[in-house]
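A.B. asks: Here you go, one structure.
The values are calculated or read from the model by the stated rules, or taken from the named source; none is laboratory data. Since the structure is predicted, the reported quantities are computational estimates derived from the model, not experimental observations. Positions of Cβ are generated from backbone atoms using ideal geometry, with glycine treated the same way; all protein chains shown enter the neighbour counts. Please note that ligands, DNA and RNA were not included when accessible areas were found on the heavy atoms of the full protein model with its side chains. Shrake-Rupley method; radii C 1.70, N 1.55, O 1.52, S 1.80 Å.
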Amino acid sequence: MGNFAKKMKKKNATAELKENYAVYKAQVAELKKEGKYEDGLALVARLVEAKCYDAELLFDTAELYFMSGDYERAVMWAENTRRLEAEHIGAQILLGRIYVLDDQTEKALSVFEHILSLGASVMGDAERQDIEEILEYYKVSEPELIQARYPRVTAFLGLETLQ
């Protein structure tokens, strides 16, 4: 196949991906739900190469990497998500979760302090519950640190009444 034919084939494939982006995006979500992380990442790679993406697809990519155990890439894609949508709650919660797992207490608490600074209107019940579950560990293990440096986390966890 000549260069021109290859370029046309790639152009047609890109056009098809862009035209059916919603379908492919739904496929990525379905593959993630089914635990087919490598397949989901392969599809994402095709979409990103064709410049077909939005913040939610980038966040799905971060979650795919997280679920496959590649926390370094998960952080990278969560940060990419935040570059497109600075206050993306899911990406920030994922970053906090990774910092907790990586024993980076200060980073984790800073992320949650920032999320809580955005106000209750930007997060739903599911996000609030995720944050509460993640921070429960620190409520027991780091109450003094939280009270000294993270006023919103302190209030969220009800630690001010424990003094």
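A.B. asks: Is it the case that some residue within the range 64-77 is of a type in the set (Val, Ile, Thr) and modelled with pLDDT of 95 or more?
C.D. replies: Yes, the range 64-77 contains a residue that is of a type in the set (Val, Ile, Thr) and modelled with pLDDT of 95 or more.
A.B. asks: So residue 112 ticks every box in (1) open to solvent by 40 Å² or more (accessible area, probe 1.4 Å); (2) touching a residue at least 24 places away in the same chain (Cβ under 8 Å) but one. Which box is left unticked?
C.D. replies: Answer for residue 112: the failing condition is (1).
A.B. asks: A further question follows. Tell me the helices (runs of 4 or more DSSP H) entirely within the range 29-120 that contain at least 1 residues that are more than 15 Å from the chain's Cα centre (by Cα).
C.D. replies: Of the helices (runs of 4 or more DSSP H) lying wholly inside the range 29-120, those with at least 1 residues that are more than 15 Å from the chain's Cα centre (by Cα) span 37-49, 105-117.
A.B. asks: Only one of (1) in contact (Cβ under 8 Å) with a residue 24 or more places away in the chain; (2) closer than 30 Å to residue 16 by Cβ; (3) surrounded by 14 or more Cβ atoms within 10 Å (Cβ to Cβ) is not met by residue 67, so which one is it?
C.D. replies: The single condition residue 67 does not satisfy is (3).
A.B. asks: Same structure, new question: Restricting attention to the range 137-151, which residues are closer than 17 Å to residue 92 by Cα and at pLDDT below 95?
C.D. replies: none
A.B. asks: Would you confirm, using the coordinates I've provided, whether residue 46 is open to solvent by 50 Å² or more (accessible area, probe 1.4 Å) and either in contact with a Cys (Cβ under 9 Å, 6 or more places away or on another chain) or touching a residue at least 40 places away in the same chain (Cβ under 8 Å) (or both)?
C.D. replies: Against the criterion (open to solvent by 50 Å² or more (accessible area, probe 1.4 Å) and either in contact with a Cys (Cβ under 9 Å, 6 or more places away or on another chain) or touching a residue at least 40 places away in the same chain (Cβ under 8 Å) (or both)), residue 46 qualifies.
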